[in-house]
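Here's the structure we're looking at; comments come further down.
The values are calculated or read from the model by the stated rules, or taken from the named source; none is laboratory data. Since we're looking at a predicted model, the values are computed, not measured. Cβ coordinates were reconstructed from backbone atoms using ideal geometry, including for glycine residues, and neighbour counts include every protein chain displayed. Protein only, heavy atoms only, side chains kept; ligands, DNA and RNA dropped before computing areas. Shrake-Rupley method; radii C 1.70, N 1.55, O 1.52, S 1.80 Å.
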Amino acid sequence: MLSTVALTPLAASAAATPQLVSSDGYPVRYQNAKASFYNKSASEGYANVWRAARDNWNSTGAFTWTETSNVDSRTFTSSVSRNDGDWYNATGLTYSRVQIDANNPAWQTGASIYLNRYYLDLDNYTTAEKETVATHEMGHGLGLDHNPETNSIMYYAARDQSISNDDIQGAVNIYSSARVLNSDETEPESVANDTAGMHLEYRKDYTGQSGLAQLKNDSEMTVVGTIKSAKETDDFSEDTPSHYTTHKLAISETLKGTALESVDFIQAGTSKVVNSDTKALKDGDRVLVTLQKDDSGNWHAVNNGQGLFIGDSSKARSAETFSRASDGSTVTADMFK
């Protein structure tokens, strides 16, 4: 059980875990370094996983989570069992609701924080490992972004990490001053007054050169082509939320898999709920995309921005390079042959 926090020496990593930023460019946080959440888990096992994650953060002194009996709480923890839409390859997912005030930074008004039992069960996560994922998701809930340091609880694919000094310092930085409301600013009464963002934790991490090699290996199909159309799907249900875009891609080159003229593939996020780890595609974009199928036979960009590379359409194809949507690193098609 992760009932205590193992701290990693500051010298072992580079910088404090960064703060989440809303789709409009505002840093995200609650008004103060504390928030209450309603634990919606039906099973006692998962309810206790969330309580362990709560205790992990409370032990740091940087942020305080309190479990409430208020079923209408705008922040809650829960779980689903899905491998479709934006849930593909995600062990956990947090939707942040943010109130935007033109005169002040954004502030968090609620968060829907989930574990995905489908992959936790498929990959045989232990109770302690589930608590790690839950702690990661509650880190997103309080306002922390991903951290590329592998020892951080906010690493892209946390499974055996603990809260590090960098994570604690990141939370301290976020809440180093009180969030004071303007005299005419009040807490919104409905979700309609908010913008929303999504933050996913993945089964695997494909950053860096070694990640590219693994991405090439794990991809079922890798293609280069041009985006021709997109269809957004938004489901705001608290029990089965999903926000994803289905792109139609006209294929110009097949680097792996069966040669096709076109393919439809899914990217997490829509214009209403933005995925923090990728870039939204638009008609005419040239892309190199690594693809995998879900149980229903739908194609997905592997880990969204990690498996999606956007090209410069102004360049001749012989000189074409692609930038990874998640981190901007540059690749060529030859690297995936």
With +1 on the Cβ of every Lys and Arg and -1 on the Cβ of every Asp and Glu, the dipole magnitude of the range 259-324 about its Cα centre, in debye rounded to the nearest 20, is 240
For the range 117-160, fraction of C-alpha pairs farther apart than 16 Å, in %: 34
What percent does the relative contact order of the chain come to when contacts are Cα pairs within less than 8 Å and at least six residues apart? 16
Cα lying deepest toward the dipole's positive end in the chain, options Ala268, Tyr206, Val49, charges on Cβ: Tyr206
Give the Rg/Rh ratio for the range 225-281, taking Rg as the radius of gyration of the Cα atoms and Rh as the Kirkwood radius, to two decimals. 1.06
If you take the alpha carbon radius of gyration of the range 206-323 and divide it by 2.2 N^0.38 Å, what ratio comes out, to two decimals? 1.05
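With every protein chain kept in the model, how would you rank Met335, Met198 by accessible area, 1.4 Å probe, largest at the top? Before the final figure, lay out each step's value.
Details: Met335 80, Met198 0 Å².
Result of the area sort, largest leading: Met335, Met198.
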Do the sum for the chain: with -39,500 (n - 2.57) for every DSSP H run of n ≥ 4, divided by all residues, what is the mean residue ellipticity at 222 nm, to the nearest 500 deg cm²/dmol? -5500 deg cm²/dmol
So what is the diffusion coefficient of the chain in µm² per second by Stokes-Einstein at 4 °C and 1.567 mPa s, using a Kirkwood Rh over Cα pairs? 63
Using only alpha carbon pairs under 8 Å that are at least six residues apart, calculate the relative contact order of the range 195-292 and give it in whole percent. 37
Could you tell me the distance between the Cα centroids of the range 195-222 and the range 120-175, to the nearest Å? 17
Could you please put Glu261, Glu320, Glu220 in sequence from largest to smallest accessible area, using a 1.4 Å probe? Glu261, Glu220, Glu320
Can you give the accessible area of Tyr95, probe radius 1.4 Å, in Å² rounded to 10? 20
Under a plain spin-label model, where a point goes 7 Å from the Cα along Cα-to-Cβ, how far apart in nm are Asn124 and Val71? 3.9
Whenever you get a sec, line up Lys248, Lys130, Lys272, Lys40 from highest to lowest accessible area (probe 1.4 Å, protein heavy atoms). Lys272, Lys248, Lys40, Lys130
Computed on Cα atoms, Rg of the range 33-180 relative to 2.2 N^0.38 Å comes out at 1.01
